[in-house]
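These notes concern the structure reproduced below.
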Amino acid sequence: MRYVLKKTATMLITLLAVSLFLFVSFQLISGDPATRMLGTGATPERLEALREELGLNDALLVRYVRWLASFVRGDPGISYVYRQPVASLLGAKIPVTLALALMSFALTCLVGFPAGLYTAKYAGSALDRIVMVLNQAIMAVPPFFAGILISWAFGTVLRLFSPGAYVSYETSVPRFLGYLVFPSIALALPRAAQLAKLLRGAILEESGKNYARTAYSRGNNTDGVLFGHLLKNAFLPVLTFLGMSLANLLAGSLIVESIFNIPGISSILLSSIGNRDYPVILAAVMWIAVFIIAINLLVDILYAVLDPRIDGE
Amino acid sequence: MRMKQTRRNPLAFIDTLPNPKLFRMGALITAAIVLLVLIGLVWMPYEPTAMSADQMQGISASHLLGTDKMGRDILSRVMYGSRITLVVALGTMVIGAGLGVLIGAATGFYGGMADEIVMRIMDGLFAFPNVLLALVVVSLLGSSTVHMIWALGIAFIPSFTRVVRSEYIRCKHLDYVKNARLQGASDARVIFVHILPNVSGVLLSNLMIGFNNAVLAEAGLSFLGIGSQPPYASLGQMISDAQAYFFEVPTAVLGPGLVIVLLVLSFSLMGEGLRSAAKELD
């Protein structure tokens, strides 16, 4: 329990540090927002009035605390370009990106775990070799390349889905999820291959240890040793990988979204980078950071659940 | 007494590796791509940015991989784009591995409070996907190849720091280090002359993995239009531009795509060849 509290405290400190770092670097680089919003032709009086209204004349730390407070309340400022609250620009898009990342994560597990377990159990067999070679190849295919090939093969040739005909989750949740299947496959493939390889390696390493031999000597069969003894220990390195995967899938979905015309945060984040629309970039990055740091906390807690020794330290 | 000089095959070391077959396969593919890039330095079939009226041509004798929507020769653009990818990946490794080794060596060797603080920062940095970190840097500094190399380089520091640090913690209490100390070796000498060579094996396999991740990150970022700016070719950008007419000119997507796949595959094959765990793959 102390471990969980300690990790939660570390997480909050990390979040504060990340938010301070991001806010200050964006403030230092972004120049004067009032000039950005009114244009260079604005009179000094109007600029000054807007600066006062936006609170830009306060000290940096004061502005940081104010921004953080409003970010926590779900209102991280106003876009320079669209003149709309950032929350309304990003709010509807974040669930889309999250859904894509989570669906890819589910697919990664669904394919990676059975493949890893099977190849570990029958290590050295013909199928094991074939899967391991395939793995090596799949790991080398970047998701956007896989995405284009999938979109062409399953969309244009086989007509299993229509690329570009995105359905909003507000219209129909099942059809929304249905549209995400193929993008998720593109995103999940290399991860699933990595997972299978990692799990296979971890199980094989555990299988050489003394406790595995002892388990056999007590009359367990292969499945009994594998599922009853090896898997729990082999799962620890896999857990770290899964946590990082979820974070990377989130970043990867930014890339895949643009291929399949999915209106997640990718398009607005990229156009904001092009327009130097800093409030939007800052908010989007900060939301992703919160998500990633929360995943890390979850992984740490799961670690302690699986390996109670950690809590005692 | 002078040692007897014998001429040795410089590639003989391959046979001593855990898996020479895989390493040779990977090295061969890498050599082919490097050759393509080196040829591109002195000669390319066409200027990679030169547009022509021959738009969206298929494979022909004058355009081996066809032309894109603006009539630019795809082979020349692949050659140029591969160069950018290699430069970014190598630059990323120089920055990431260079700083990573220095920080890892210092924190692992000295430990203490500074080690704690630096490693917490590294943990925070490590948690962030490298693509996201590069996006932040580019949005702050503007889009260019150099900014991308720095962004990715910094993103790769923690992975090297972690490995090198744990190796230094393991090595610093070993007998050979004590021995060197007794002979009066300075800290710097112990760190760089005595311990570093013993870390090189671990470092090498991490470089292979890191290089691949850098190639994939560069490809993904340039696909999003970040990094090397048009009209100059980058592999990701080419794929992004050509996906709309994939059906008409498949080579415009497949050409740059296959270079990325082969480059990553070749390095992971070499990495497998170096791995001591012979139970992997064979």
May I ask for the net charge around A:MET103, where only other residues with Cβ less than 13 Å from the Cβ of A:MET103 are counted and Lys, Arg are +1 while Asp, Glu are -1?
0
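Lys and Arg at +1, Asp and Glu at -1: add these up for the other residues within a Cβ distance under 15 Å of A:ILE94 and post the number.
-2
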Using a 10 Å cut-off on Cβ to Cβ distances, tally the other chain neighbours for every residue of B:122-135 and report the average as a whole number.
6
Inter-label distance for B:ALA180 and B:ASP123, nm, one decimal - labels placed 7 Å from Cα along Cα-to-Cβ
2.9 nm
Helix-derived [θ] at 222 nm for chain B: sum -39500 (n - 2.57) over DSSP H runs of at least 4, divide by residue count, nearest 500?
-22500 deg cm²/dmol
Lysines with Cα under 22 Å of A:LYS197, excluding same-chain neighbours fewer than 8 positions away:
A:LYS121, A:LYS209, A:LYS232, B:LYS21, B:LYS279
Put a dot 7 Å past each Cα toward the Cβ at B:ARG170 and A:ILE13; how far apart are the dots in nm?
2.8 nm
Helix A:173-207 versus the longest principal axis of chain A: what angle, 0 to 90°, nearest 10, using Cα atoms?
50 degrees
Would you work out which of B:HIS147, A:HIS229, B:MET270 lies farthest towards the positive end of the dipole of the protein assembly as shown? Charges go on Cβ: Lys and Arg +1, Asp and Glu -1.
A:HIS229
Rounding to the nearest 20 debye, state how big the charge dipole of chain B is about its Cα centre with +1 on each Lys and Arg Cβ and -1 on each Asp and Glu Cβ.
1220 debye
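What's the FRET efficiency of A:VAL81 with A:VAL181 using the Cβ-Cβ distance as r and R₀ = 25 Å, to the nearest 0.05? Don't skip to the end; give the middle numbers.
On the way: r = 34 Å, r/R0 = 1.34.
That pair, A:VAL81 with A:VAL181, gives E of 0.15.
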Prolate/oblate/rounded label for chain A (Cα gyration tensor, a/c 1.5):
oblate
Could you work out how far helix A:278-306 tilts from the main Cα principal axis of chain A, as a 0 to 90 degree angle to the nearest 10?
30 degrees
Under 13 Å Cα-Cα from B:LYS178, which aspartates and glutamates qualify once same-chain neighbours fewer than 8 residues away are excluded?
B:ASP187
Return the single residue from B:GLY81, B:GLY111, B:GLY236 with maximal mean-square fluctuation; model: Gaussian network over chain B, springs between Cα atoms under 10 Å.
B:GLY111
Prolate/oblate/rounded call for the protein assembly as shown, Cα gyration tensor, a/c under 1.5 rounded
rounded
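Using the Kirkwood formula over every pair of different C-alpha atoms, what hydrodynamic radius in Å results for the stretch B:91-281?
18.5 Å
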Chain B, Gaussian network, Cα under 10 Å: of B:VAL94, B:VAL199, B:VAL42, the residue fluctuating most is B:VAL42
What is the helix-to-structure angle for A:2-30, meaning the angle in degrees between its Cα long axis and the longest Cα principal axis of chain A, kept from 0 to 90 and rounded to the nearest 10?
40 degrees
How much net charge surrounds B:ILE195 when only the other residues with a Cβ under 15 Å from the Cβ of B:ILE195 are counted, with Lys and Arg +1 and Asp and Glu -1?
+3
Considering the dipole of the protein assembly as shown built from charges on the beta carbon (Lys and Arg +1, Asp and Glu -1) around the Cα centre, which of A:VAL181, B:ALA50, B:GLY40 is farthest to its positive end?
B:GLY40
Order by neighbour count: A:SER19, A:SER184, fewest other Cβ atoms within 10 Å first, most last.
A:SER19, A:SER184
Just tell me how shielded A:112-118 is by partners: mean number of partner chain Cβ atoms within 10 Å of each residue's Cβ, no decimals.
0
Per-residue average of other protein chain Cβ atoms inside 10 Å, peptide A:142-154 -> 5
Size of the dipole of the protein assembly as shown about the Cα centre, Lys and Arg at +1 and Asp and Glu at -1 on the beta carbon, nothing else charged, in debye to 20?
1640 debye
Span-like helix ranges in chain B, DSSP H, alpha carbon extent 20 angstrom or more, Kyte mean at least -0.5:
B:20-42, B:74-110, B:112-127, B:145-171, B:196-223, B:251-274
Sorted from fewest to most neighbouring beta carbons within 10 Å, what does the list B:THR92, A:THR14, B:THR251 look like?
A:THR14, B:THR251, B:THR92
Most positive-pole-ward Cα, B:GLY220, A:VAL62, A:LEU117, against dipole of the protein assembly as shown from beta carbon charges
A:LEU117
Would you mind checking which residues have amide H under 5 Å from B:SER144's amide H? H placed 1.01 Å from N; only 5 or more apart, or other chain.
B:GLY227
Taking other Cβ within 10 Å of each residue's Cβ, how do B:MET79, A:MET37 sort, fewest first?
A:MET37, B:MET79
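Since every read-out is calculated from the coordinates, none of them should be taken as a lab result. Predicted, not measured: the structure shown is a model, and the values here were computed from it. As a convention, Cβ positions derive from the backbone with ideal geometry for all residues, glycine included, and neighbour counts pool all protein chains shown.
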